[in-house]
Amino acid sequence: MTDPIAFASATPRYALPQLFVAQAQKELTLNEALARIDGLLHPVAEGEADAPPASPADGECWIVGTAPTGDWSGQSGAIALRQAGNWLFVAPREGTSVYDRAAGSMARYDSGWQRNSAISAPSGGTFTDVEARAAIAGLIAALAVAGIVPEI
């Protein structure tokens, strides 16, 4: 017979708390895990800020800036999830993607939060190819609608 698997106190990727046999008050551990899952499953951040908003609503998600203050002190670059009237912080992993509502585009974590910049439509030149410029403008608009780049 094989030995049972021994789990750590938290999952290795997002530190979701795990239950233990005969653990008292399992609902606290389970509720924290569900709150993290709720915030990290297709996350949409209101934006990036150094200070928490004055009147946050439960369910809000923010990307903590590089110089955090107040309740966010010491959480630079973290994902701040508002749950049950409190802030729950999750350290992003390489490749974590969050839709940044304020910027209107995706933010991806790669040793820090990275964002694509807006693409300008072509202009100038000796000769103007109207059809090519229209095609390029259509591609830029499609990338903006998909949230890959911000709108100009």
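Every residue in the stretch 51-71 that is in a loop (DSSP other than H, G, I, E, B) and charged (D, E, K, R), please.
Step one: filter the stretch 51-71 for residues in a loop (DSSP other than H, G, I, E, B), giving 51-60, 65-69.
Asp58, Glu60, listed by residue number.
Report every pair of residues separated by at least 6 positions or lying on different chains whose Cβ atoms are under 8 Å apart, first residue within the stretch 116-138 and in contact (Cβ under 8 Å) with a residue 24 or more places away in the chain and closer than 18 Å to Val149 by Cβ, second assigned to a loop (DSSP other than H, G, I, E, B) and open to solvent by 90 Å² or more (accessible area, probe 1.4 Å).
Between residues of the stretch 116-138 that are in contact (Cβ under 8 Å) with a residue 24 or more places away in the chain and closer than 18 Å to Val149 by Cβ and residues that are assigned to a loop (DSSP other than H, G, I, E, B) and open to solvent by 90 Å² or more (accessible area, probe 1.4 Å), the close pairs are Ala118/Glu151; Ala118/Ile152; Ile119/Ile152; Ser120/Ile152; Ala121/Ile152.
Out of the residues in the stretch 72-90 that are hydrophobic (A, V, I, L, M, F, W, C) and assigned to a loop (DSSP other than H, G, I, E, B), which is farthest from the chain's Cα centre (by Cα)? Walk me through how you get there before you give the answer.
Restricting attention to the stretch 72-90, the residues satisfying the condition of being hydrophobic (A, V, I, L, M, F, W, C) are 72, 78-81, 84, 87-90.
So of that shortlist, the ones also assigned to a loop (DSSP other than H, G, I, E, B) come out as 78, 84.
Details: Ala78: 9, Ala84: 19 Å.
Result: Ala84.
Kindly indicate whether any position in the stretch 60-75 is modelled with pLDDT of 95 or more, exposed (fewer than 15 other Cβ atoms within 10 Å of the Cβ), touching a Pro at 6+ places or on another chain (Cβ under 8 Å) and on the phi > 0 side of the Ramachandran plot.
Within the stretch 60-75 (the criterion being modelled with pLDDT of 95 or more, exposed (fewer than 15 other Cβ atoms within 10 Å of the Cβ), touching a Pro at 6+ places or on another chain (Cβ under 8 Å) and on the phi > 0 side of the Ramachandran plot), the answer is yes, since at least one residue qualifies.
Does the stretch 80-125 hold any residues that are of a type in the set (Lys, Arg) and out of contact with any Leu (no Cβ under 9 Å at 6 or more places or on another chain), and which are they? Steps first, answer last, please.
So the first thing to find is which residues in the stretch 80-125 are of a type in the set (Lys, Arg), and the list is 82, 93, 101, 108, 115.
Answer for the stretch 80-125, where residues must be of a type in the set (Lys, Arg) and out of contact with any Leu (no Cβ under 9 Å at 6 or more places or on another chain): Arg93, Arg101, Arg108, Arg115.
Can you tell me which residue is nearest to Trp113 (Cα to Cα) among those in the stretch 24-50 that are part of a helix (DSSP H, G or I) and of a type outside the set (A, V, I, L, M, F, W, C)? Give the derivation first.
Within the stretch 24-50, the subset part of a helix (DSSP H, G or I) is 26-40.
The next check asks that each one be of a type outside the set (A, V, I, L, M, F, W, C); those that pass are 26-27, 29, 31-32, 36, 38-39.
On the way: Lys26: 34, Glu27: 33, Thr29: 29, Asn31: 28, Glu32: 25, Arg36: 19, Asp38: 21, Gly39: 17 Å.
Only one residue tops the list, namely Gly39.
Is there any pair linking a residue in the stretch 15-44 that is over 21 Å from Pro92 (Cβ atoms) to one that is surrounded by 14 or more Cβ atoms within 10 Å (Cβ to Cβ), with Cβ under 6 Å and at least six apart or on different chains, and which?
Listed by first residue and then by second, the contacts come to Leu19/Thr29; Thr29/Pro17.
The values are calculated or read from the model by the stated rules, or taken from the named source; none is laboratory data. These figures come from a predicted structure and were not determined experimentally. Glycine gets a Cβ as well: all are built from the backbone with ideal geometry, and neighbour counts include every protein chain shown. Ligands, DNA and RNA are excluded from the accessible area calculation, which covers all protein heavy atoms including side chains. Shrake-Rupley method; radii C 1.70, N 1.55, O 1.52, S 1.80 Å.
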